[in-house]
Amino acid sequence: MEETPLREFIVCGPFPHGSLTRNGFDPLLVEWVNPSEPLSEGAEVAGRKCFKASADASGVLDFAALFGESFKPFWRLEHGLAYAYAEVEVEGGSYVLLAGSEDGLAVYADGKRALLQPIARRFAPDFYAIPLRLKSGRARLLFKVSRLAGGWKLQAKLARVEAPFYVHTARAVKPDLVCGRREKVYVSLPLVAFEDLASATVRAGSGWRSSRVEVKRLRAGEEVPVALAVEPTQPPSGDEATLDLVVEGGGHREEVELKLRVVGEGEHRVETYLSRVDGSVHSYGLKPPKGVEPGREYGLLISLHGFKGHPYFSELYGEKEWLFVVGPSARDGEVPYREVGCLEVLEVLEWVAGRYPVDGDRVYLSGHSMGGYGTWFIGVRYPHLFAAIAPLSSRGDLSEDAARLRERRGWSGV
């Protein structure tokens, strides 16, 4: 499948964030540009002139760089909304628009809204797979990108799709494999339906053991992550392993490859688990202690990353002789450490403690910024699970939290 990166844009902005709405602070709900009309160089919108801009060599359009130094502070931005417009010559048919943004993103194709995602997240290329049905001629694509904090970017490319589905490999959740260790692991492969499908199936190819997973009733435009348990038939070796997957649906068969990193027993690695909350697959980082000894139990530190921070905080720690360090991913950074995010931390704790020799009396919880808030939130609600907590650069309801923590015998500093 040939992909066409979008590199030339007409940019307009920056515009103010907007105002509070009943849905919260969502600048994507405020319109400055009519999505049905094309943008042209030199046109003026609310006192802002539209201008040409090109993506860099990696296909990324950096709004913070385009608009100047005054738009680079991390927090409390007065202006945080920009438009980028592109036209592409296409033949009529089904297409997938792959896009990544930092932060929120709305997309309009030929004047019709195809995506509205206000979630603030760190930049990831091809994060969205947007199914489009385009007519022959010049397709008009308008991107609206909001910025809450940190970077402010857009990346997009267009690809023709002949199948009734698209396999969104950029969003696959996959683990690292440990050299010489043959074990069952979980992967997640998202499927985007271009038409209503009665069912679709996914299974592993040669060299792997797996069950055949069937997903029923996929609706057109829907993206469904398919969870799959796989096990290599031979112990992995080298630096990389290839997982071949076969996807079938709507009378079409497609084969895709996922590359899995192979690491040493003592190296930091990404592991996956199957959530009991919704049956989905998620990842966490794990740094094992130096030289795990048979029969010995080790401490466990769960370290929570901050807003748009490093996805696996565990990778930033030095090697410890007495401690496993685990970094939950907050479901790819999409959720804070409350409700579902809180349950994720508890599931990761249970999962790791069931796989490795963890001393239940030496389990610790820490985090920075958003992760520090999560440390407060989780620690005061489940104090029996942790020997100590260490929230860093964070906030919490100190009056309520301190009262709860005082009930935990042996804790101090509150």
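The values are calculated or read from the model by the stated rules, or taken from the named source; none is laboratory data. Predicted, not measured: the structure shown is a model, and the values here were computed from it. Positions of Cβ are backbone-derived with ideal geometry, glycine not excepted, and every protein chain shown enters the neighbour counts.
If R171 passes every condition in (1) within 24 Å of R122 (Cα to Cα); (2) among the basic types (K, R); (3) in contact with a Leu (Cβ under 8 Å, 6 or more places away or on another chain) but one, which one does it miss?
(3)
Which members of segment 166-190 meet the condition of being over 15 Å from L228 (Cα atoms) and aliphatic (A, V, I, L, M)?
A170, L177, V178
When residues of segment 101-119 are filtered for being farther than 19 Å from V335 by Cβ and not hydroxyl-bearing (S, T, Y), how many remain? Don't jump to the end; show me each part of the working.
We begin by selecting, within segment 101-119, every residue farther than 19 Å from V335 by Cβ; these are 106-115.
Next, only the ones that are not hydroxyl-bearing (S, T, Y) stay: 106-107, 109-115.
Final tally of qualifying residues: 9.
Just to be sure before I move on: is K157 surrounded by 15 or more Cβ atoms within 10 Å (Cβ to Cβ), in a strand (DSSP E or B) and either of a type in the set (D, E, K, R) or touching a helix residue (DSSP H, G or I) at 6+ places or on another chain (Cβ under 6 Å) (or both) in the structure I sent? Don't jump to the end; show me each part of the working.
Working: surrounded by 15 or more Cβ atoms within 10 Å (Cβ to Cβ): yes; in a strand (DSSP E or B): yes; either of a type in the set (D, E, K, R) or touching a helix residue (DSSP H, G or I) at 6+ places or on another chain (Cβ under 6 Å) (or both): yes.
Yes, satisfied.
Each row is one residue, and each column tells you yes or no for (1) surrounded by fewer than 17 Cβ atoms within 10 Å (Cβ to Cβ); (2) modelled with pLDDT under 85.
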residue	(1), (2)
F377	no, no
R381	yes, no
H384	yes, no
P391	no, no
G396	no, yes
L405	no, yes
R408	no, yes
G413	yes, yes
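Restricting to segment 118-142, and then to whatever is over 17 Å from F194 (Cβ atoms) and touching a Pro at 6+ places or on another chain (Cβ under 9 Å), can you tell me which residue is surrounded by the most Cβ atoms within 10 Å (Cβ to Cβ)?
That would be L142.
Go through the residues of segment 319-327 one by one and say whether even a single one is outside the structural domain of V185 (by TED's automatic domain parsing), under 18 Å from S275 (Cα atoms) and surrounded by 16 or more Cβ atoms within 10 Å (Cβ to Cβ). Explain how you work it out, then say what you get.
Initially, segment 319-327 is screened for residues outside the structural domain of V185 (by TED's automatic domain parsing), giving 319-327.
With the extra rule that they be under 18 Å from S275 (Cα atoms), the set shrinks to 326-327.
Still in the running and surrounded by 16 or more Cβ atoms within 10 Å (Cβ to Cβ): 326-327.
Yes, segment 319-327 contains at least one residue that is outside the structural domain of V185 (by TED's automatic domain parsing), under 18 Å from S275 (Cα atoms) and surrounded by 16 or more Cβ atoms within 10 Å (Cβ to Cβ).
Filter segment 270-307 down to residues that are more than 19 Å from the chain's Cα centre (by Cα), among the hydrophobic types (A, V, I, L, M, F, W, C) and assigned to a strand (DSSP E or B) and give me whichever is nearest to L343 (Cα to Cα). Break it down into steps so the answer makes sense when it comes.
Taking segment 270-307 as the starting set, the residues that turn out to be more than 19 Å from the chain's Cα centre (by Cα) are 276, 287-302.
From what is left, the residues that are among the hydrophobic types (A, V, I, L, M, F, W, C) are 292, 300-302.
Keeping just the survivors that are assigned to a strand (DSSP E or B) gives 300-302.
Values: L300: 18, L301: 17, I302: 13 Å.
Among those that are more than 19 Å from the chain's Cα centre (by Cα), among the hydrophobic types (A, V, I, L, M, F, W, C) and assigned to a strand (DSSP E or B), it is I302.
Given segment 165-263, what strands (runs of 3 or more DSSP E) lie entirely inside it while holding 2 or more residues that are among the polar types (S, T, N, Q)?
Numbers: elements: 165-167, 185-193, 197-204, 208-210, 213-218, 223-232, 240-249, 252-263.
Filter on segment 165-263 gives 197-204.
Checking the structure you have, find out if any residue of segment 200-219 is farther than 29 Å from L97 by Cβ, of a type in the set (S, T, N, Q), surrounded by 14 or more Cβ atoms within 10 Å (Cβ to Cβ) and touching a strand residue (DSSP E or B) at 6+ places or on another chain (Cβ under 9 Å).
yes
May I ask you to list the residues in segment 333-358 that are of a type in the set (D, E, K, R) and under 15 Å from D278 (Cα atoms)? Lay out the reasoning, then the answer.
We begin by selecting, within segment 333-358, every residue of a type in the set (D, E, K, R); these are 334, 338-339, 344, 347, 350, 355.
If the condition is that a residue be of a type in the set (D, E, K, R) and under 15 Å from D278 (Cα atoms), then E339, E344, E347 are the ones that fit.
Looking only at segment 177-227, count every residue that is in contact with a Ser or Thr (Cβ under 9 Å, 6 or more places away or on another chain) and in contact (Cβ under 8 Å) with a residue 60 or more places away in the chain and tell me the total.
9
Can you say whether P190 is touching a Cys at 6+ places or on another chain (Cβ under 7 Å), in the same structural domain as H252 (by TED's automatic domain parsing) and modelled with pLDDT of 95 or more, as far as the supplied structure shows? Talk me through it step by step, then tell me what you get.
Working: touching a Cys at 6+ places or on another chain (Cβ under 7 Å): no; in the same structural domain as H252 (by TED's automatic domain parsing): yes; modelled with pLDDT of 95 or more: yes.
No, not satisfied.
Among the listed residues V107, V145, identify the single one that is without any contact (Cβ under 8 Å) to a residue 60 or more places away in the chain and surrounded by 22 or more Cβ atoms within 10 Å (Cβ to Cβ).
Details: V145 fails: without any contact (Cβ under 8 Å) to a residue 60 or more places away in the chain.
Result of the check over V107, V145: V107.
If I ask for residues that are under 11 Å from L177 (Cβ atoms) and touching a Ser or Thr at 6+ places or on another chain (Cβ under 9 Å), which ones from segment 228-242 would you list?
Those that are under 11 Å from L177 (Cβ atoms) and touching a Ser or Thr at 6+ places or on another chain (Cβ under 9 Å): V230, E231.
Can you pull out the residues in segment 122-148 that are of a type in the set (D, E, K, R) and under 16 Å from A64 (Cα atoms)? It would help to see each step written out before you state the result.
Our first condition is that a residue be of a type in the set (D, E, K, R); within segment 122-148, this holds for 122, 126, 133, 135, 138, 140, 144, 147.
Scanning segment 122-148 gives R122, K144, R147.
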